[in-house]
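The values are calculated or read from the model by the stated rules, or taken from the named source; none is laboratory data. In this text the structure is predicted, and so the values were computed from the model without any measurement. With ideal geometry, Cβ positions are generated from the backbone for all residues, glycine too; neighbour counts draw on all protein chains shown. Areas reflect the complete protein model, heavy atoms only, side chains present, ligands, DNA and RNA absent. Shrake-Rupley method; radii C 1.70, N 1.55, O 1.52, S 1.80 Å.
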Amino acid sequence: MPNGIPAPRQPGHIAIIMDGNGRWAQQRRRPRMIGHRAGARAVNRTIDFCLQHGIGVLTLFAFSSENWGRPQEEVDALMKLFLGALDREVDELHRRGVSVRFIGDRSRFAAGIVQRMDRSEQRTAGNSAMVLNIAASYGGRQDIALAARALAQRVADGSLQPEQIDEELLGQQVALADLPAPDLFIRTGGDTRISNFLLWQLAYTELWFTDVLWPDFDAAILQQALDDFAGRERRFGLTSAQIAAGTAQSALP
Ligand code: IPE
Ligand code: IPE
Ligand code: MG
């Protein structure tokens, strides 16, 4: 960013933990799956909003590496929902210029799902209106561990010296390495934790929490988060005066 021009007040990358589907259903005395289905509609609203507002990257936490431990019935039903959503939505996302990507351990999904994930990615790879990352079977610790393993492999085959390993090199191995880090993190559902989402990538992300349950998430709530974000000063460890002077831009990540 050139000197004197304020940093954009709108996040370029939003990352969301979509939490609270189960409680939303429980409040209505309905099975948890009803909440997940309503949650899928909230995903569509969120994508619409981000496309309308020119948000470049949206990353959604759909299923964590720990969520595999839920009752089999819920895992199975979630997989069915996921598959259905892939079949239904990808054409429309493609038409709207969205590039769809998946992060997480694909090896744990059934072959039919992996095939559709691969196909969706390939089909939409050239799109540039927005990048939509779906974190599925994703864990932040696993992400970092795999990055460490990739570098260890290069050390083992002699193409890398241990002293060459630094933040930049490790950062190039984690998920989303080719995209700017999330500017704004949102978690719905009232819990104020990261739950093993993008641990590395969230180092300097602004965090925003709401009690609203994910199926109730809509444009008005997202706008609240954006308004809050717009009023924040991101200092990246520097002083307010440095940020105001714009002299620190080159030091920013
Ligand atoms: C988030 O909602 C969706 C997934 C983790 C798949 P939850 O299912 O965690 O809903 P709560 O937290 O139980 O209400
Ligand atoms: C985080 O929610 C994962 C997703 C939203 C996909 P969880 O419901 O799994 O998180 P905890 O268990 O409350 O930490
Ligand atoms: Mg939850």
Subset of segment 79-121, residues among the small types (Gly, Ala, Ser), in contact (Cβ under 8 Å) with a residue 24 or more places away in the chain and either in contact with a His (Cβ under 7 Å, 6 or more places away or on another chain) or over 15 Å from residue 132 (Cβ atoms) (or both), comes to 110, 112
Look at residue 200 and say whether it is farther than 20 Å from residue 65 by Cβ and either open to solvent by 20 Å² or more (accessible area, probe 1.4 Å) or more than 16 Å from ligand 3 (Cβ to nearest atom) (or both). no
Only unsatisfied item for residue 29, checking (1) open to solvent by 30 Å² or more (accessible area, probe 1.4 Å); (2) on the phi < 0 side of the Ramachandran plot; (3) free of Cβ contacts under 8 Å to residues at least 24 places away in the same chain, is (2)
**Request:** Examine segment 235-246 for a residue that is of a type outside the set (Asp, Glu) and buried (at least 18 other Cβ atoms within 10 Å of the Cβ), and state whether such a residue exists.
**Result:** yes
Within segment 145-161, of all residues that are assigned to a helix (DSSP H, G or I) and in contact with a helix residue (DSSP H, G or I) (Cβ under 8 Å, 6 or more places away or on another chain), the one nearest to residue 182 (Cα to Cα) is 147
Residue pairs within 8 Å by beta carbon, gap of at least six or interchain, first lying in segment 176-191 and acidic (Asp, Glu), second within 16 Å of ligand 1 (Cβ to nearest atom), listed first then second, are 191/19; 191/209
Of the candidates 47, 17, the one satisfying the condition of being touching a residue at least 12 places away in the same chain (Cβ under 8 Å) and away from ligand 1 (no atom under 12 Å from the Cβ) is 47
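For (1) among the aromatic types (Phe, Trp, Tyr); (2) within 12 Å of ligand 2 (Cβ to nearest atom); (3) modelled with pLDDT of 95 or more; (4) open to solvent by less than 30 Å² (accessible area, probe 1.4 Å), each residue gets a yes or a no:
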| position | (1), (2), (3), (4) |
| --- | --- |
| 156 | no, no, yes, no |
| 160 | no, no, yes, yes |
| 165 | no, no, yes, no |
| 175 | no, no, yes, yes |
| 180 | no, no, yes, no |
| 183 | no, no, yes, no |
| 189 | no, yes, yes, yes |
| 192 | no, yes, yes, no |
| 195 | no, yes, yes, no |
Kindly establish whether residue 47 is under 23 Å from residue 180 (Cα atoms) and in contact with an Asp or Glu (Cβ under 9 Å, 6 or more places away or on another chain). yes
